[in-house]
Amino acid sequence: MRVGIIALQGSVEEHVRAAERALSEGCGGEVISVKHADIVPSCDAIIIPGGESTTIGRLMLREGIVDEIKSAAKHGVPILGTCAGLILLARYGLMDIHVTRNAFGRQRESFETPLKIDVIGEKPFNAVFIRAPAITKVGEDVEILAKCNGYIVAAKQDKLVALAFHPELTRDPRLHHFFFDLV
Ligand code: GLN
């Protein structure tokens with residue numbers, strides 16, 4: 001399996017390492033850093049990392065990656081958007097979700113909390129939130145995977161997965177396995 005990580009800005013290295021770890025425990029495969037056009041079409045799965053959504057979005061547009069991502073989504077390629085990546089999944093109209101940026105407020109710039117996510121098992125997932133967005137509304141095709149403080153913080157629509165937190169910053173590989181199993 002070939003996993004492409006959009007590597008323009010944000011928590012790229014952490015995602016590369018977490019994806020490589022998860023692949024080596026599971027089906028195997030390689031992780032590619034996507035910095036320009038013509039790579040996304042050869043990937044079996046795509047990860048859009050956290051960072052600054054305005055910057056990542058602008059660079060993706062400049063590099064011609066946005067249309068490739070939209071086309072990949074249309075062809076059923078699984079895409080994981082974490083934090084800023086979640087914001088971009090909404091902005092490009094790939095997922096039917098409404099998003100509020102920095103939803104958890106200034107005092108709570110970052111925090112860590114155990115989350116109940118039924119699709120990965122009973123043990124809570126230790127979720128790291130950093131100036132995190134939240135999903136405030138979902139369309140009927142969207143499955144809610146987790147909530148925190150009344151906000152939706154994880155959701156899935158077909159093969160698109162949106163997480164408001166950073167699964168690459170903890171050693172728990174279950175969400176990566178859940179995502180790679182969609183391929
Ligand atoms: N607050 C950032 C944004 O709006 C997202 C934060 C993150 O990705 N850690 O782009």
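Since every read-out is calculated from the coordinates, none of them should be taken as a lab result. This structure is a prediction, so every number in the text was calculated from the model and none was measured. As a convention, Cβ positions derive from the backbone with ideal geometry for all residues, glycine included, and neighbour counts pool all protein chains shown.
With labels modelled as points extended 7 Å from the Cα through the Cβ direction, what inter-label distance (nm, one decimal) is found for ASN126 paired with ARG174?
So the two model labels end up 1.3 nm from each other.
How many nm separate the modelled label positions at GLU52 and VAL119, each set 7 Å beyond the Cα in the direction of the Cβ?
3.1
Return the FRET efficiency for the residue pair GLU30, SER71: r is the Cβ-Cβ distance, R0 is 35 Å, and the value is rounded to the nearest 0.05.
FRET efficiency, GLU30 to SER71: 0.95.
Given the range 1-83 reduced to its alpha-carbon atoms as identical point scatterers, what log10 I(q)/I(0) does the Debye formula return at q = 0.13, 0.18, 0.27 Å⁻¹?
Evaluating at q = 0.13, 0.18, 0.27 Å⁻¹ gives log10 I(q)/I(0) of -0.35, -0.69, -1.45.
For the chain, what is the calculated [θ] at 222 nm in deg cm²/dmol (nearest 500), taking -39500 (n - 2.57) for each run of four or more DSSP H residues and dividing by its residue count?
It comes out at -8000 deg cm²/dmol, rounded to the nearest 500.
Kirkwood Rh and Cα-based Rg: tell me the resulting Rg over Rh for the chain, rounded to two decimals.
Taking Rg over the Kirkwood Rh, I get 0.93.
Mind pulling the per residue volume of the convex hull built on the Cα atoms of the range 77-182? Å³ is fine.
Working: hull volume 9.4 nm³, N = 106.
Per residue, the Cα convex hull of the range 77-182 comes to 89 Å³.
Using a Cα-Cα cut-off of under 19 Å, which lysines could be cross-linked to LYS159, ignoring same-chain neighbours fewer than 8 residues away?
Leaving aside lysines fewer than 8 places away in the same chain, those within reach of LYS159 are LYS70, LYS74, LYS137.
Hey, how many Å between the Cα centroid of the range 156-183 and the Cα centroid of the range 62-132?
If we compute the Cα centre of each part, the gap is 9 Å.
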